[in-house]
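Working notes, beginning with the structure itself.
Here, each number is a calculation from the coordinates, and none is a lab measurement. Not measured: the values here are computed from a predicted model. Cβ: placed from backbone, ideal geometry, glycine included. Neighbour counts: every protein chain shown.
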Amino acid sequence: MTAATPPAHAHSEAVAIAAERRWVYVVGAIIALLILMMVVTGLHWASMPPSRVETVDVKTLHLKGEFVENNLGTTLGTDGKVTVRLIAQQYAFMPQCIVVPAEMPVTFRGTATDAIHGFVVGTTNANTMLIPGFVATFTTTFKKTGEQLMPCHEYCGTGHEAMWAKVQVLPPQEFLARARSGERLSCVAS
Ligand code: CUA
């Protein structure tokens, strides 16, 4: 080899440039990965209803499983948990009146049979969409006793305006006393 070795400073410059270029690629790859993650998770969540994703077959909803008619309404489980199951369909909720206790966590599980419905309970934070094929579920605690209106809040057709149910929030002692006497709780006549 006759070629002279390049001067030391030229060599270290080449090393620095190579290192810088390598880091440009590494940082570029990290940024690209983060953007890709944002896009993928964004699309993934956008394609799902807002609540936890649990599916149910609309065709057999009335015939078997959790949402058959005699399983709708409020139950107090052996573990002390209060669960409300309901169905929305044009243009009513089943059941039409729901009994819940105040000051106790209440889990709602609901779905729709025909169109997208939704509900909000009075001025509380109980608020969800009901989408055919999906089970919407959330847990809330009602602070005040009394009767609340529960209107459908997703436009679901010509009868949308008239679609609503009632929610009776009972003092916890009264609720527990009534819950022991029967499996499903029905509203107090008022
Ligand atoms: Cu159901 Cu609007």
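Annotations
- The DSSP beta bridges internal to the chain are antiparallel in roughly 65% of cases.
- P(r), alpha carbons of the stretch 69-179 - 10 Å bins starting at zero, rounded %: 15, 51, 28, 6, 0
- Using every pair of distinct Cα positions in the chain, the Kirkwood expression returns a hydrodynamic radius of 20.2 angstrom.
- Listed residue (119, 92, 189) projecting farthest to the positive dipole end of the chain, Cβ model: 189
- The chain: angle of helix 8-46 to the longest principal axis, Cα-based, in degrees nearest 10: 20 degrees
- With contributions of -39500 (n - 2.57) from each DSSP H run of at least four residues, the per-residue ellipticity at 222 nm computed over the chain stands at -9000 deg cm²/dmol.
- Simple spin-label estimate for residue 39 and residue 63 gives 4.3 nm between the two label positions (7 Å along the Cα-to-Cβ direction from each Cα).
- Normalised contact order of the stretch 78-190, rounded percent, pairs of Cα under 8 Å and 6 or more residues apart: 30 percent
- As a proxy for reagent exposure, ranking 44, 117 by other Cβ atoms within 10 Å from fewest up yields 44, 117.
- The trypsin sites (Lys or Arg not before Pro) of the stretch 55-150 that DSSP puts in a loop, and whose beta carbon has at most 14 other beta carbons within 10 Å, are 64, 81, 143, 144.
- Residue 9 versus residue 46: modelled label distance in nm, points set 7 Å from Cα along the beta carbon direction: 5.4 nm
- Among the cysteines of the chain, 152, 156 have no other cysteine beta carbon within less than 4.7 Å of their own.
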